[in-house]
Amino acid sequence: MGQTITSLTDMVSYAGDLRRAAKQASTPEAAEKIQRSATVLEKTALSKISQLAPGIGALLDILA
């Protein structure tokens, strides 16, 4: 089947790969699903970052 992504760096990197794949999707519905997956993966990675290092989460909140 698939693989499990555990590294935060891998999560963000794969989310970028998903966003590029969404641009090349054959149908708008597929592009939307892929884009949604990328967003969820990024949010998961960012929430893990803020849990591991609250100072980084606060910094990201300032930048956003």
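Throughout, read-outs are computed from the coordinates displayed, never taken from laboratory work. Bear in mind the structure is a predicted one, so any value in this text is a computation, not a measurement. Here the Cβ is made from the backbone with ideal geometry for all residues, glycine too, and neighbour counts use every protein chain on show.
For segment 5-22, just list the computed ³J(HN,Hα) in residue order, Karplus coefficients 6.51, -1.76 and 1.60, θ = phi - 60°, integers in Hz, with x standing in for Gly and Pro.
My calculation for segment 5-22 gives 9, 10, 7, 4, 4, 5, 4, 5, 5, 5, 4, x, 4, 5, 5, 5, 5, 5 Hz in order.
Fully extended, how many nm does the chain gain between A31 and D10 (0.36 nm per residue separation, minus their Cα-Cα distance)?
Contour length minus Cα-Cα distance gives 5.5 nm.
Suppose the chain between Q24 and T44 were pulled fully straight at 0.36 nm per residue; how much longer would it get relative to their current alpha carbon spacing?
Full extension from Q24 to T44 adds 4.8 nm.
How big is the Kirkwood radius of segment 1-47, worked out from every pair of different alpha carbons and given in Å to one decimal?
10.8 Å
So, by mean Cβ neighbours within 10 angstrom, what's the order for 3-12, 30-39 with the highest one leading? Present the calculation step by step, with values, prior to reporting the outcome.
Numbers: 3-12: 12.0, 30-39: 15.1.
Ranking, from highest mean packing down: 30-39, 3-12.
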